[in-house]
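J.: Let me begin by handing over the structure; questions about it come next.
The values are calculated or read from the model by the stated rules, or taken from the named source; none is laboratory data. Because the structure is predicted, anything quoted here is derived from the model rather than measured. Glycine gets a Cβ as well: all are built from the backbone with ideal geometry, and neighbour counts include every protein chain shown. The protein model used for the area step is the full one, side chains on, heavy atoms only, and it has no ligands, DNA or RNA in it. Shrake-Rupley method; radii C 1.70, N 1.55, O 1.52, S 1.80 Å.
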Amino acid sequence: MSSEKAPCVLILGARSDIARPLARIYAEDGYDVILAARKAATLAADAEDVRIRSGQETKVSEFDVIDTDSHRRFIDSLGELPDIVISLVGLMTPQVEAQVDFSAADLMIRTNYLGLVSVLGELANRMERRGSGTIIGVSSVAGDRGRASNYIYGSAKAGFTAFLSGLRNRLSSKGITVITFKPGFIRTRMTEGLDLPGPLTAEPDEVAQAIRRAHKKGRLIAYHRPIWRLIMRIICTLPERIFIRTKF
Ligand SMILES: NC(=O)c1ccc[n+]([C@@H]2O[C@H](COP(=O)([O-])OP(=O)(O)OC[C@H]3O[C@@H](n4cnc5c(N)ncnc54)[C@H](OP(=O)(O)O)[C@@H]3O)[C@@H](O)[C@H]2O)c1
């Protein structure tokens with residue numbers, strides 16, 4: 001048996017429905033796994049299940065993306081700096097609520113953007129000092145162009161996408177890979193109760209596999225499903241005077 005330490009993947013927002021299959025896939029590929037989330041203790045059974053099935057080390061860690069004061073402590077508490085960080089953190093409050101209640105908008109922006117700038121920024125700086133690492137940020141097609149139905153969430157995701165782009169631009173020559181993963185609709189807790197278009201809606205397992213595939217193939221920006229790249233290209237090239245009359 002090799003005594004070499006396995007590489008480690010840190011999953012932020014690990015109570016997402018995508019996290020369990022993602023943890024399993026990475027563990028099967030030989031990674032130790034850290035599941036970081038609010039109420040992390042609720043993930044202990046999942047972590048143990050992954051450990052038993054794969055033989056890899058797993059652990060859970062308490063993490064709140066909006067508690068930015070705690071982020072350095074959180075990273076210190078991990079012991080070793082992970083090789084890969086994947087953010088599944090996200091919050092989508094209905095637009096109609098957020099446009100009349102600034103506190104709801106504020107929370108969405110802090111969760112989807114500001115908090116991630118803090119924690120991923122610090123992880124990136126430490127990876128830069130080490131000279132290696134991969135950061136995978138799950139953003140959204142909603143960040144590609146602001147739409148009436150979802151523009152507060154979308155604008156936070158747009159900020160996050162731009163942040164990842166800048167981080168990639170800054171660190172690509174320093175041994176750090178930054179991947180922006182942009183899904184369309186996924187059937188998860190976030191979209192529960194929404195009327196999703198069946199053929200365009202992905203399952204969490206499928207998305208977890210696509211994240212791993214994007215990582216293995218060294219993609220820098222990946223849409224899921226790939227049809228979303230075409231859809232968003234069309235949406236983004238619509239002239240503004242036509243776009244303002246659309247409702248989707
Ligand atoms: N579902 C979709 O159609 C869709 C489409 C495009 C992109 N996405 C993105 O995909 C990612 C995964 O989302 P999902 O669909 O799996 O939804 P989800 O189940 O709601 O997962 C989002 C996760 O973010 C975590 N989170 C929220 N606020 C947090 C905080 N303050 N600190 C730490 N974690 C926090 C939630 O933790 P708790 O469990 O503690 O609430 C939850 O586990 C998100 O980035 C989302 O924006 C989703």
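J.: Can you run down the residue pairs with Cβ atoms below 9 Å, 6 or more apart or on separate chains, where the first is in region 111-122 and closer than 12 Å to residue 135 by Cα and the partner is small (Gly, Ala, Ser) and within 11 Å of the ligand (Cβ to nearest atom)?
T.: So the pair list comes out as 116/87; 116/137; 119/87; 120/87; 120/137.
J.: Then there is this: Which condition from (1) open to solvent by less than 30 Å² (accessible area, probe 1.4 Å); (2) farther than 18 Å from residue 114 by Cα; (3) in contact with a Phe, Trp or Tyr (Cβ under 7 Å, 6 or more places away or on another chain) is the one that residue 156 breaks?
T.: (2)
J.: Just to check your reading of the model, which residue among 202, 214, 162 is of a type in the set (A, V, I, L, M), at negative phi, open to solvent by 60 Å² or more (accessible area, probe 1.4 Å) and within 16 Å of the ligand (Cβ to nearest atom)? Walk me through it before giving the result.
T.: Details: 202 fails: open to solvent by 60 Å² or more (accessible area, probe 1.4 Å); 214 fails: open to solvent by 60 Å² or more (accessible area, probe 1.4 Å).
Going through 202, 214, 162 in turn, just one is of a type in the set (A, V, I, L, M), at negative phi, open to solvent by 60 Å² or more (accessible area, probe 1.4 Å) and within 16 Å of the ligand (Cβ to nearest atom): 162.
J.: Would you mind telling me which numbered condition in (1) in contact with a Ser or Thr (Cβ under 9 Å, 6 or more places away or on another chain); (2) within 17 Å of residue 40 (Cα to Cα) residue 75 fails?
T.: It fails just one condition, (1).
J.: Listed residues 96, 85, 33, 50; which is closer than 20 Å to residue 140 by Cα and more than 15 Å from the ligand (Cβ to nearest atom)? Steps first, answer last, please.
T.: On the way: 85 fails: more than 15 Å from the ligand (Cβ to nearest atom); 33 fails: closer than 20 Å to residue 140 by Cα; 50 fails: closer than 20 Å to residue 140 by Cα.
Testing whether each residue is closer than 20 Å to residue 140 by Cα and more than 15 Å from the ligand (Cβ to nearest atom) leaves just 96.
J.: Being within 21 Å of residue 158 (Cβ to Cβ), touching a helix residue (DSSP H, G or I) at 6+ places or on another chain (Cβ under 7 Å) and among the charged types (D, E, K, R) is the filter here; which residues of region 169-199 pass it?
T.: The answer is 182, and nothing else.
J.: Then there's this: If residue 121 meets every condition in (1) within 14 Å of the ligand (Cβ to nearest atom); (2) assigned to a helix (DSSP H, G or I); (3) open to solvent by 10 Å² or more (accessible area, probe 1.4 Å) apart from one, which number is that one?
T.: (1)
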